[in-house]
Amino acid sequence: MLQGWIQIGLTLLILVAITPLFGGYMARVYQEEKTFFDRILNPLDRLLYSAIGVQPKENMTGWQYARAAISSNIVMALLIFFLIMNQGWLPLNPTRVPAPTWDTALHTTISFITNTNQQHYSGETYLSYGSQMLGLGYHMFTSAATGLAVGIAFIRGLTGKPLGNFYVDLIRSITRILLPISIVGAIALLAAGVPETLAGVVVVPTLEDPAVSQAIARGPVAHYEFIKELGENGGGFFAINSAHPFENPNGFTNLVQLVAILSVPSSLIYTYGVFANNIKQALLVYLIPLSILVGFVILTAIAEYNGNPAVNALLNVDQAPNLEGKEVRFGWAQSALYAVITTASMCGAINSLHDSFMPNGGFATLSNMFLQIVFGGQGTGTAYLFAYLLLAVFVTGLMVGRTPEFLGRKIEKREVVLASFLILLVHPIAILIPGAITMAFPDQLSGISNPGFHGLSQVMYEYASAAANNGSGFEGLGDSQPSPIAIAGGAETSTTALWWNLSTCFSLLAGRYIPIVSLLLLADGLSRKQPVPETVGTLRTDTGLFTGVTAGVILILGALTFFPILALGPIAEAFLISRGIG
Amino acid sequence: MSFAREASRAVRSTLALWVLTAMLYPLLMLAIGQIVFPYQANGSLIRNAQNEVVGSALIGQPFTSDRYFNSRPSTSSYSTADPAADEGRVLQTGVSGASNLAPSNVALLDRIRGKGDPDPEQAIEGEIPRLQQAGIQPTADLVYTSGSSLDPHITPAGAAAQINRVATARGLQPNQLEDLIRQNTDGRFLGIFGEPGVNVLKLNLALDTL
């Protein structure tokens, strides 16, 4: 058991250790200071600027920035929808997969453009290599870069600087951060055993019974795999994501993936510190998500280590790890760690099946997606965290009777309205309303596969995952249409899957673009305010006390909204299991 | 900014970044993979003395007989099918998948402990009764299905529990098998990260060459 905790502790230490390095590097990139590869990358950047028609020095207002983000995302989405719907005749389709149903293609497109990568399909049987490489792999870069750009624009606005230019930030995010690191990371994964080939399936007779054959799915996986983690995308090349031995073959690749998943959102807080010229505050803020993350990892890992009491009784042991849906090479420790990190950071890749976790795991993963700030999404997570900070400034300002100020700027009605709209309204609406509709028609719409309290968790997890742009799932849920190959063989399409495909599109879009616009408007307003000089009466926001209040605001505002779901889902399931099942 | 200019930038950025991230980047990685790491890039395929592919070092295969070390239960039977009766078209693409059974689901317990039923179609044999019948002391990895349904490994304890059965079936000494297990165990990365696992396919291939 101790060995497992050591693995977990060391992984978290590595993550914390790279934060100042990587966060400092990102600050240099976005402040357009000198970086290591300028000699190669400056010409590439200039080529891209002129291809797109951007003046690099042109600053955008919040509204212009949002319009550029949304209009480029729409065109990118159209291209990918076209590729998926026409994959039957397009090249790079060695497994001869026809086009999926229109609703699957629509959901997949929206899910990838929003950086969610919720998958209502299985990579092997629904998509061609071309759709994955030319389509989804493309969105993995652009959606991550869009999030990063918005996060940086928000940080600029918050610290009183002009917001910058969306296209410049988009391009620099890709050429300076996502692409170079992906090249190095993908080579590391390749060397460790992740395939990268355009050749199709290998069919071999099995050793024990040569009359039965095994189909070994392959593909251009390694390049796709690394940006999947670094960009917090999370959509696996294969159905079973990073539990598949070709996506994540050993302890080394698992470590690389964990570090890649959490590196950008955690380091971006340090980047804020550089922009604000207040590293102390950044470190204090950093402690909030870090301590929540550590708490959730411990909660989840203990339960997976102790295992399922009902099964332990059958095995005649007091303790055996819960290995249902887990790979031997990861065991309880790396599986629990991965599950918490992937839902904390809105990556959504999985190396074990969350549906089969003990209720503690369900509680932690759901809470991560309800809160959205346990480092959170690429760029947007940090922005949410600071939106909470603004609310905490407002709340404490009210308590002590001072004008709320943050970094020398008054927090007024507009800021409070936008921040509370973001945090208190959008997320609950995008999760609870479609969830309530689904639960009103459990037989017709829900597709629940596990009975009892766990069924409610399955439904709410799906919408929480969509609205938080996470993308993982309690995958037993009947949210997928039959594969195009099965449909060609005569399978009927399913109403449940149609409902899931369309209703989660609402949560995906609402959870992505409403916050993006609100964050940019919020940042724009702040950047235009006259700074007020700091006096002895100013409420300091870089103290331990204020950070503690912020953590309280996060838990009260973020968690209480969703507490009924947690109580009726994982908490009730935990009581059921401790009472004894079947 | 005019709508036309906005749209033109959106289209041009889409195409420029598409070429960079969805074409040049994958092509570079394909080239590196095929030239520098051809073994890994093509799926770590294992070949026999006749140079025929017999499997992948990273993907498990189903084993249930007493002449081989058994692998973990799998929801897709390790992506296998009878080529003459492959209605699910498994062999066209290959598959992966998991049970997704919740810990509170009675179906999970039934699968593990077995369930009698007057209708033989409805009856479930159960992992524990099956292992006990085979003379194997059940371990967690041998009764729980894996994440990918392709798990190449069993735990060292799961392998040790099968030594006597295989030794008897093949007329070998248990200590010979212990050596083979040790040689085919993949350790933790740096001795720290991950869990040790016995690669069942490689172990069984080695058994056949004894």
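Tabulated values for the structure
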{"item": "Options A:429, A:433, A:448, A:437: the member that is within 14 Å of chain B (Cβ to nearest Cβ) and more than 22 Å from residue A:393 (Cβ to Cβ)", "result": "A:448"}
{"item": "Members of the range A:120-139 found to be facing another protein chain (nearest Cβ under 10 Å), touching a Ser or Thr at 6+ places or on another chain (Cβ under 6 Å) and not polar (S, T, N, Q), listed by number", "result": "A:124, A:126, A:138"}
{"item": "In the range A:219-252, residue surrounded by the fewest Cβ atoms within 10 Å (Cβ to Cβ) [restricted to those that are at the interface with chain B (Cβ under 7 Å from one of its Cβ atoms) and part of a loop (DSSP other than H, G, I, E, B)]", "result": "A:250"}
{"item": "Filtered residues of the range A:23-37 (kept if within 25 Å of residue A:276 (Cα to Cα) and open to solvent by 30 Å² or more (accessible area, probe 1.4 Å))", "result": "A:25, A:28, A:31, A:32, A:33, A:34, A:36"}
{"item": "Selection within the range A:294-319 - open to solvent by less than 40 Å² (accessible area, probe 1.4 Å) and within 20 Å of the chain's Cα centre (by Cα)", "result": "A:295, A:296, A:297, A:300"}
{"item": "Whichever residue in the range A:186-208 is open to solvent by less than 10 Å² (accessible area, probe 1.4 Å) and either assigned to a helix (DSSP H, G or I) or of a type in the set (Gly, Ala, Ser) (or both) and, among such residues, is nearest to residue A:529 (Cα to Cα)", "result": "A:186"}
{"item": "Only one of A:422, A:418 that is touching a Pro at 6+ places or on another chain (Cβ under 7 Å) and closer than 21 Å to residue A:385 by Cβ", "result": "A:422"}
{"item": "Residue check, residue B:69 open to solvent by less than 20 Å² (accessible area, probe 1.4 Å) and more than 7 Å from chain A (Cβ to nearest Cβ)", "result": "yes"}
{"item": "Any hit, the range A:28-39, residues being free of Cβ contacts under 8 Å to residues at least 24 places away in the same chain, assigned to a helix (DSSP H, G or I) and among the hydrophobic types (A, V, I, L, M, F, W, C)", "result": "no"}
{"item": "Unique residue being surrounded by 13 or more Cβ atoms within 10 Å (Cβ to Cβ) and assigned to a loop (DSSP other than H, G, I, E, B) when the list is A:538, A:504, A:496", "result": "A:538"}
{"item": "Among residues of the range B:178-189, those that are free of Cβ contacts under 8 Å to residues at least 24 places away in the same chain and not acidic (Asp, Glu), counted", "result": "6"}
{"item": "Total residues in the range A:514-551, condition of a type in the set (Gly, Ala, Ser), out of contact with any Gly (no Cβ under 9 Å at 6 or more places or on another chain) and touching a residue at least 60 places away in the same chain (Cβ under 8 Å)", "result": "4"}
{"item": "From the options A:291, A:267, residue that is open to solvent by less than 10 Å² (accessible area, probe 1.4 Å) and among the hydroxyl-bearing types (Ser, Thr, Tyr)", "result": "A:267"}
{"item": "Residue under evaluation residue B:105, criteria (1) at the interface with chain A (Cβ under 9 Å from one of its Cβ atoms); (2) under 19 Å from the mean Cα position of the chain (by Cα), criterion not met", "result": "(2)"}
{"item": "Identity of the residue in the range B:9-40, among the aromatic types (Phe, Trp, Tyr) and in a helix (DSSP H, G or I), that ends up least open to solvent (accessible area, probe 1.4 Å)", "result": "B:25"}
{"item": "Unique match (being of a type in the set (A, V, I, L, M, F, W, C), within 10 Å of chain B (Cβ to nearest Cβ) and over 29 Å from residue A:251 (Cα atoms)) among A:152, A:216, A:187, A:171", "result": "A:171"}
{"item": "Residue match in the range A:199-220 (condition: in contact with a Ser or Thr (Cβ under 8 Å, 6 or more places away or on another chain) and over 15 Å from residue B:56 (Cα atoms))", "result": "yes"}
{"item": "Any hit, the range B:169-190, residues being closer than 20 Å to residue B:79 by Cβ and crowded, with 17+ Cβ neighbours inside 10 Å", "result": "no"}
{"item": "Residue A:343 vs. criteria under 30 Å from residue A:69 (Cβ atoms), among the polar types (S, T, N, Q) and at pLDDT 95 or above", "result": "yes"}
{"item": "Some residue of the range A:89-100 being farther than 21 Å from residue A:242 by Cα and in a helix (DSSP H, G or I)", "result": "no"}
{"item": "Single match in A:577, A:556, A:581, A:571 (criterion: part of a loop (DSSP other than H, G, I, E, B), over 18 Å from residue A:468 (Cα atoms) and out of contact with any Asp or Glu (no Cβ under 9 Å at 6 or more places or on another chain))", "result": "A:581"}
{"item": "Qualifying position, being free of Cβ contacts under 8 Å to residues at least 40 places away in the same chain, among the hydroxyl-bearing types (Ser, Thr, Tyr) and closer than 24 Å to residue A:478 by Cβ, among B:93, B:139, B:209", "result": "B:93"}
{"item": "Members of the range B:197-206 that are without any contact (Cβ under 8 Å) to a residue 60 or more places away in the chain and either more than 8 Å from chain A (Cβ to nearest Cβ) or in contact with a Leu (Cβ under 8 Å, 6 or more places away or on another chain) (or both)", "result": "B:206"}
{"item": "Subset of the range B:48-66 [more than 7 Å from chain A (Cβ to nearest Cβ) and either at pLDDT 95 or above or crowded, with 18+ Cβ neighbours inside 10 Å (or both)]", "result": "B:57, B:60"}
{"item": "Filter result for residue A:522 (assigned to a helix (DSSP H, G or I) and farther than 30 Å from residue A:69 by Cα)", "result": "no"}
{"item": "Tally, over the range A:320-342, of residues that are more than 7 Å from chain B (Cβ to nearest Cβ) and open to solvent by less than 10 Å² (accessible area, probe 1.4 Å)", "result": "9"}
{"item": "Conditions (1) under 28 Å from residue A:73 (Cα atoms); (2) more than 14 Å from chain B (Cβ to nearest Cβ); number of the one not met by residue A:473", "result": "(2)"}
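Table: residues versus (1) in the same structural domain as residue B:61 (by TED's automatic domain parsing); (2) β-branched (Val, Ile, Thr); (3) outside any loop (DSSP other than H, G, I, E, B); (4) open to solvent by 70 Å² or more (accessible area, probe 1.4 Å).
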position: B:108; (1), (2), (3), (4): yes, no, yes, no
position: B:117; (1), (2), (3), (4): yes, no, no, no
position: B:121; (1), (2), (3), (4): yes, no, no, yes
position: B:136; (1), (2), (3), (4): yes, yes, no, no
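The values are calculated or read from the model by the stated rules, or taken from the named source; none is laboratory data. Quantities reported herein were computed from a predicted structural model and do not represent experimental measurements. Ideal geometry is used to build each Cβ from the backbone, glycine not excepted, and the neighbour counts take in all protein chains shown. SASA here: full protein model, heavy atoms, side chains in, ligands and nucleic acids out. Shrake-Rupley method; radii C 1.70, N 1.55, O 1.52, S 1.80 Å.
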